[in-house]
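Visitor: After the C-alpha cells below, expect a handful of questions from me.
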Amino acid sequence: MPITTMDDFIAGLTGSPQEIPIYYGSSTTAVGGYANLNNTFGGNLYNQSLTPSTPLIPTDATRGYPPLTAPAAGQSLYLARWGFASSVIQSCALYDRVYQVGGFSGTSTATQNIAQTATLPATRAPDSGLGLEIWLESYDATGATASNVTVTYTNSDGITGRTATAAMIANFPIGRMLRIPLQDGDSGVASVQSVRLSASTGAAGNFGLALLRRKAVVHISSANTGIVQDFVALGMPVIDPDAALQFVQLSGSTGTGPTWGSLTLISA
C-alpha cells in the first residue's frame, strides 16, 4: 500500500517499525575508492558475507546481510530514517545486492564466461533490471600490472552484446569496489555474460561482479560526526522484504573508519 498522507506515515512509524543496527569496523584498504562494508571488514553485526564463486541471488537470509521482517499482506516496507556516524568524512550508499558472481582470475586474458542460471527477481529488479548498476569487487588482491576489464551484458531493453569497460585498480585490494559505467544509452542490466581482461595483472587473486540497485545515499562532511536523514531527505524508498542490504562507502580518508548507526523501516 503506498503512503500518500502524513497519517499513513505516522501509522507506520507508530506501528511496529524495524530498527536495523549498523556497525562495521575500521580498515585501511579503502583509500581513494569504494569499499564493500558487508564483505571484508571486522565487526559486521551480521557476520562477514561469504566470497561468491558460483552465481547467487542473495537475500536478507544470506550471511552478511541484515534480516528483515516481511510486512503484512498488502503492505510495503519503506526506509523512513537513516542515522549514521563515522570517524572519517565519507559518503555511504545503501543498495539492494540483487546478483553476485566471483571466482575470476587476474591472470587470464581469455573470456571468462558467466553461467547466470537464475532469473533476477522481478520485485527487486523491475523492468528487466532498469536501474541496476555493475560493480567489480575484490575478494583476494590481483597483481600490479595495469589492465582494463570489459563486461559483456544484456541491457534492460533486452539488447545483447552490450559492453562496459573500466580500468582495474592496481593491486586491487580485498574489500575494494569499482563501479563500471554502462555502455552509452543504457540505463539497466538484465543479465551479465562474461568478463575479460586486456592484460594479465600478474597475480590471479579473486574478483567478481555484483548487480546493485541503489536505494539511498548519506554524506558525512566532518570527521567524528554523524547525520540523521528523515523520510523527506531519503525519499522513503521501498525496500523489498527479501533485499540483501549492502553498504558501499566512499571514504575521504585513508580508511573506512569505524561506521555505526541504524536504519528505521516502516510498514504501510
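The values are calculated or read from the model by the stated rules, or taken from the named source; none is laboratory data. Bear in mind the structure is a predicted one, so any value in this text is a computation, not a measurement. No Cβ is skipped: glycine too gets one built from the backbone with ideal geometry, and neighbour counts run over all protein chains shown.
Visitor: Could you tell me whether any residue of the stretch 156-167 is under 23 Å from residue 93 (Cα atoms), at pLDDT 95 or above, in contact with an Asp or Glu (Cβ under 7 Å, 6 or more places away or on another chain) and polar (S, T, N, Q)?
Guide: yes
Visitor: While we're here: Name the one entry in 175, 188 that is under 22 Å from residue 93 (Cα atoms), modelled with pLDDT of 95 or more, among the small types (Gly, Ala, Ser) and crowded, with 20+ Cβ neighbours inside 10 Å.
Guide: Only one candidate passes the filter, namely 188.
Visitor: Hey, another quick one. Looking only at the stretch 191-236, count every residue that is surrounded by 15 or more Cβ atoms within 10 Å (Cβ to Cβ) and of a type in the set (Gly, Ala, Ser) and tell me the total.
Guide: 10
Visitor: Determine which member of the set 116, 112, 90 is of a type in the set (S, T, N, Q) and within 26 Å of residue 257 (Cβ to Cβ).
Guide: Every option except 90 fails the conditions.
Visitor: Which of the residues that make up the stretch 28-76 are over 23 Å from residue 265 (Cα atoms), at pLDDT 65 or above, hydroxyl-bearing (Ser, Thr, Tyr) and touching a helix residue (DSSP H, G or I) at 6+ places or on another chain (Cβ under 9 Å)?
Guide: Within the stretch 28-76, just 51 meets the criteria.
Visitor: Output the residues belonging to the stretch 127-139 that are crowded, with 16+ Cβ neighbours inside 10 Å and of a type outside the set (Gly, Ala, Ser).
Guide: 130, 132, 133, 134, 135, 136, 137, 139 - these are the residues of the stretch 127-139 that are crowded, with 16+ Cβ neighbours inside 10 Å and of a type outside the set (Gly, Ala, Ser).
Visitor: Ok, one more. Within the stretch 176-194, which residues are under 24 Å from residue 247 (Cβ atoms) and assigned to a strand (DSSP E or B)?
Guide: Within the stretch 176-194, 176, 177, 178, 179, 180, 188, 189, 192 meet the criteria.
Visitor: Tell me which residues, restricted to the stretch 169-189, are closer than 29 Å to residue 140 by Cβ and either hydroxyl-bearing (Ser, Thr, Tyr) or in contact (Cβ under 8 Å) with a residue 40 or more places away in the chain (or both).
Guide: Hits for the stretch 169-189 are 169, 172, 173, 174, 175, 176, 177, 178, 179, 180, 182, 189.
Visitor: Further question: Name, by its number, the condition in (1) more than 22 Å from residue 247 (Cβ to Cβ); (2) surrounded by fewer than 21 Cβ atoms within 10 Å (Cβ to Cβ); (3) not basic (Lys, Arg) that does not hold for residue 142.
Guide: Checking residue 142 against (1) more than 22 Å from residue 247 (Cβ to Cβ); (2) surrounded by fewer than 21 Cβ atoms within 10 Å (Cβ to Cβ); (3) not basic (Lys, Arg), the one that fails is (2).
Visitor: While we're here: Sort out for me the strands (runs of 3 or more DSSP E) sitting completely within the stretch 203-258 that have 1 or more residues that are touching a residue at least 24 places away in the same chain (Cβ under 8 Å), β-branched (Val, Ile, Thr) and farther than 22 Å from residue 97 by Cα.
Guide: Answer list for the stretch 203-258: 206-220, 225-229.
Visitor: Right, another one. Just need a number here: residues in the stretch 115-138 that are under 11 Å from residue 211 (Cβ atoms) and of a type in the set (Val, Ile, Thr).
Guide: 1
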